[in-house]
Structures are given as structure tokens and as C-alpha cells.
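Bear in mind these aren't lab numbers, they're just calculated from the coordinates by the rules spelled out. If you're wondering where the values come from, they're calculated on a predicted model, not measured in any experiment. Using ideal geometry, Cβ is built from the backbone for each residue, glycine included, and neighbour counts are taken over all protein chains shown.
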Amino acid sequence: MMWIAMAIVSSVCLGFYDIFKKVSLERNNVLVVLFLNTLFGTLLLSPVIVGDIMDGSIGFSSWHDHLLIMLKSVIVLSSWALGYVAIKHLPLTITGPITATRPVMVLVGALVVFGERLNGMQWAGIVLGFASLLFISQLGAREGFSMKSSRWLWYMIGATVLGAVSALYDKYLMQHYEPLPVQAWYTLYQCVMMGVITLVAVKRGAEMSDRFTWRWSIPLITLFITVADLAYFFALSLDGSMVSVVSMIRRGSVLVTFFYGVLILREKNIGLKLVDLAVLLAGLALLIAGSWR
């Protein structure tokens, strides 16, 4: 089905998005990198915004619609801020599986809010996905990132919770609006908000833990998250799409980041993490097979 194919495209792009975040944030200023990400995203989608302004539609039928899009911007920007800080300090082979807890949270919300129902194969996939996440949390403790001592782990969990809230809100938005205007305008509002935050920080002479260094990986963050989001929004806009399943498939991005962490960064406990990854992949396969009808 088309919505599953779009979810897979989004998943692959998300993996590269996480890699370029890791490269860009290494010994770099999180605040400036995040602002540039929102700025480049706005420039990339500016033809949509300019076109809406030129035809007098301002993208939507009312300012109430824009308020709903602004709320989306606040949720995503908050999730990104926490996630950017966390991914700077944690191994990719830890952050990837932690982020994969999002579908479990989305599942609960989808059952309650949208009345979605899963078949037996999909439930089995969710259970395996959840089991893999419990296992990776134990591996994280072995590497010194326990729930008791690491605030970066809590930042990542906070980012994941907000990401789940965003996914549920996306399903609501895609029932009422077209994907491209939502993507363009929420990116613009993110840029404005992040610009204000950065300006205030600079004017107050906020202490920066790291100085900013330009890297060509920074615009690649924008490119891959934009394509990932467009594919994701398109998937949710299609009839029959299930936000709980789309969210789980998108967590397949852990494949891309995992192999980068293993082959390039030489991260620890690879054997045990491969076992965890195999369980997660089995869960993803069950979800896709159960949805292909």
C-alpha cells in the first residue's frame, strides 16, 4: 500500500537525518545548529509560503487554522531541542532504540483518541518492539547512561514523549489540511520562534558551552528531515493509514543510525545491540505484514 511505502521512505530519511545531526552537533553549539536547521527548512519550503501569500489565502482559511499549526511548531521545536542536546551526548546505538519507544506511546494514544484497532500480527509487532526497547535501556545502563544518573537519557525520553504527542496531532491535522501547507507554515513558525530564542540568548550574553562551527552536514539535516516529514504527512493523509503503524515503521530509521554507529563511530556492546536490533526488525516486519492488506 502507498501509505506504507511512504512510511518506509520517511524512515530511511530519518536515519540519515539523525546521522547528520550527530555529525553537526559534535563539539558544536546546539542552539545555533537548531536555528539554522529551521531557517534552511523555511527557505526550502518558501515557494509554498510565497505562493499562499500571493494568492491571498495565507495557506489556510482562517487565523484559527494558523494557531493550530503554531501549536504543532511548539510541540516539534520542544522535542527537537531536547533531542538535539541528547543526541550530542549519547551514542547513536542508544538514542536510536530509545526513540523507537515512540510507537508504543502513539499506539496508546491512537487507540484512545482515534479508535484504531490492530490485528494479531500488528499486536505481535508492537510487543516485540517494546521488548527490544526494554533491552536497550539495560544496555544503556552498562555504558554509564542509567535512568538514575544521566540527564541526557531523560532529555531523550522527553523528546520521544513530545514526538509521540506530535504524531497523534499530525493525524488530526492531516484529516483537515493538505500536507505541503502544513509542512511549510509550521517550519516558518519554528524558524521565527527559534530566531527569537537565539536573539534573546545572544543579547543576554548567555554562556555557550561550545562555540559554533559551520559544517556542510548542517543543511543536510534540513534536507533529510524535510523529505522525511513530507513522506510522513502524505502517508497520514491517505485513506486507511494508521498512525500507530506509520509511527512504528518510521522507527526503522534505527537501522541506518545503528550501522553508522557500528561501522564509523565504533560504539560499544555491538553484539548485544545486534540481538536487540534483530528483535526490533522482527517487530517491524510483523507490523508491515499485518498492514499489507
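Measuring r between the beta carbons of Arg117 and Leu180 and using R0 = 25 Å, the FRET efficiency lands at 0.25. Taking label points 7 Å from Cα along the Cα-to-Cβ direction, Phe212 and Arg151 give a separation of 2.3 nm. Summing +1 for each Lys or Arg and -1 for each Asp or Glu among the other residues whose beta-carbon sits under 13 angstrom from that of Trp185 gives -3. If R₀ is 41 angstrom, what is the calculated FRET efficiency for the pair Leu67 and Leu134, using the beta carbon separation as r and rounding to 0.05? That gives a FRET efficiency of 0.60.
On a per residue basis, the convex hull of the C-alpha atoms belonging to the range 213-263 measures out at 88 Å³.
Summary of the geometry: the range 213-237 and the range 8-55, compared by the centres of their Cα atoms, lie 5 Å apart.
Note on Glu26/Val74: beta-carbon distance plugged into 1/(1 + (r/R0)^6) with R0 of 30 Å gives a FRET efficiency of 0.60. Taking a ≥ b ≥ c as the square roots of the eigenvalues of the alpha carbon gyration tensor, the range 1-51 is oblate, as a/c is not under 1.5 and a/b does not beat b/c. Here the label points at Ala278 and Ile264, each 7 Å from Cα along the C-beta direction, are separated by 2.6 nm in the simple model.
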